[in-house]
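The values are calculated or read from the model by the stated rules, or taken from the named source; none is laboratory data. Bear in mind that the values here come from a model prediction, so they are computed numbers and not experimental data. Please note: Cβ atoms are built from the backbone with ideal geometry, for glycine as well, and neighbour counts cover all protein chains shown.
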Amino acid sequence: MLELHTNAPAHWPRVRLEGLIPSNAPEVQTANRLLFSTTIETVFRRSGIQVLEADVLRLTREGVVEIPLRVRDGELEYDLFFYPVADEKAAAHYVAVYELAQKWGRLRPVFYSTDDLLAIYPAEIEPVARRDRLYIQAALSAPKGQYAMWWAERPGELFHYSSTYDLFDRIYREINGLEMRAFALILLELGMIREEYEFTASSLTDTTVEIPVEGPEGVPLIITFSQHRGVRFHFHIGRTSAEYRDLFLNLFLLRLKAWRKETDLTQARRLDSPSYTWWRELGKRLRMTDNGEQAISAVGSIRR
């Protein structure tokens, strides 16, 4: 039976594995991860440490990070990373995760491995956060409740002075004249179309398309699209924090920037689109009418 090395809190129980195969082969990784997860759940249950979920996605400012296992000890939550092979590559991955956590928060990483990763000189450190997709899944229906693009967290809070407004503004600028193609990216990820050209202006009527989805971390939202208002994201107010809202919008912005770099946009239209014009006019109206006493409490509301 092999006792794993870790940088976990000192009061946590030791973890010993029997039957571990030290290999990074894909077919072996699944078995090793299952062995690790079941052992952790058994050992931690006796110590009062709660296993929250396995194979979870966490949003960060730099993209989405895949977490093998999340646990709660008292008031604190931890992200557990398992490395069956303790080598330079494993050390580099953990260093990248740790630096990401130190820079932006939201993660509290702990490693378990067959050797002390902190004593191994890491290989070249590469980004661990992914931004090549939104990690959304289509839902049959949206959970009941109120959804919105933005909502006030405290009295007197103004949308056009918020970080959320700034993110939406950057998104509208990024896809100005490219709204159809940006929405096609979402449809491609959801598997609703196979090629971008399948979604065209002729696919739409004057109505708004609404798609309920589940985002990273299981958060429900509704994606809407119309030629008049473009691509919009409406988050479930009761189940979404302001932090998550901004992180998801930032992920979409990162996705758009990556897409623009790899896509030929030389034939794209240069004039402002109807949706960008609508967004710009909305900002003007809000700045003229919003004040601390009669501030708008939510923008882009949808009730289900």
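Per-structure values
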item: Among (1) loosely packed, with under 15 Cβ neighbours inside 10 Å; (2) in contact (Cβ under 8 Å) with a residue 24 or more places away in the chain - the single one Met1 does not satisfy; result: (2)
item: Single residue of Thr200, Thr114, Thr207 found to be at pLDDT below 95 and assigned by TED's automatic domain parsing to the domain that holds Val95; result: Thr114
item: The range 148-173: number of residues that are out of contact with any Gly (no Cβ under 6 Å at 6 or more places or on another chain), outside any helix (DSSP H, G or I) and of a type outside the set (A, V, I, L, M, F, W, C); result: 5
item: Conditions (1) exposed (fewer than 14 other Cβ atoms within 10 Å of the Cβ); (2) assigned to a strand (DSSP E or B); number of the one not met by Glu124; result: (2)
item: Where a residue in the range 287-304 is surrounded by 10 or more Cβ atoms within 10 Å (Cβ to Cβ) and its partner, wherever it lies, is of a type in the set (Ser, Thr, Tyr) and modelled with pLDDT of 90 or more, with Cβ under 6 Å and at least six apart; result: Ile302/Tyr147
item: Flag for Arg154 being surrounded by fewer than 19 Cβ atoms within 10 Å (Cβ to Cβ) and in contact (Cβ under 8 Å) with a residue 40 or more places away in the chain; result: no
item: Number of the exception - Ser37 against (1) in contact (Cβ under 8 Å) with a residue 24 or more places away in the chain; (2) over 23 Å from Arg72 (Cβ atoms); (3) not acidic (Asp, Glu); result: (2)
item: Matching residues in the range 101-126 - criterion: being more than 24 Å from Val71 (Cα to Cα) and touching a residue at least 12 places away in the same chain (Cβ under 8 Å); result: Ile120, Tyr121, Pro122, Ala123, Glu124, Ile125, Glu126
item: Counted residues, the range 142-156 - those being touching a strand residue (DSSP E or B) at 6+ places or on another chain (Cβ under 9 Å) and modelled with pLDDT under 95; result: 1
item: Filter pass, Phe159 being closer than 30 Å to Gly48 by Cβ and in contact with a strand residue (DSSP E or B) (Cβ under 6 Å, 6 or more places away or on another chain); result: no
item: Inter-residue pairs, beta-carbon under 7 Å, first closer than 30 Å to Lys257 by Cα and among the hydrophobic types (A, V, I, L, M, F, W, C) and in the range 129-145, second part of a loop (DSSP other than H, G, I, E, B) and at pLDDT below 95, 6+ apart; result: Ala142/Arg304
item: Some residue of the range 159-170 being surrounded by 14 or more Cβ atoms within 10 Å (Cβ to Cβ), outside the structural domain of Arg239 (by TED's automatic domain parsing) and in contact with a Leu (Cβ under 7 Å, 6 or more places away or on another chain); result: no
item: For Asp246: the one exception among (1) more than 23 Å from Glu157 (Cβ to Cβ); (2) of a type in the set (Asp, Glu); (3) at pLDDT 95 or above; result: (1)
item: Criterion (crowded, with 18+ Cβ neighbours inside 10 Å and within 30 Å of Arg260 (Cβ to Cβ)) met by exactly one of Leu59, Leu80; result: Leu59
item: Filtered residue count, the range 133-147, keeping only those that are out of contact with any helix residue (DSSP H, G or I) (no Cβ under 6 Å at 6 or more places or on another chain), part of a strand (DSSP E or B) and farther than 17 Å from Glu189 by Cβ; result: 1
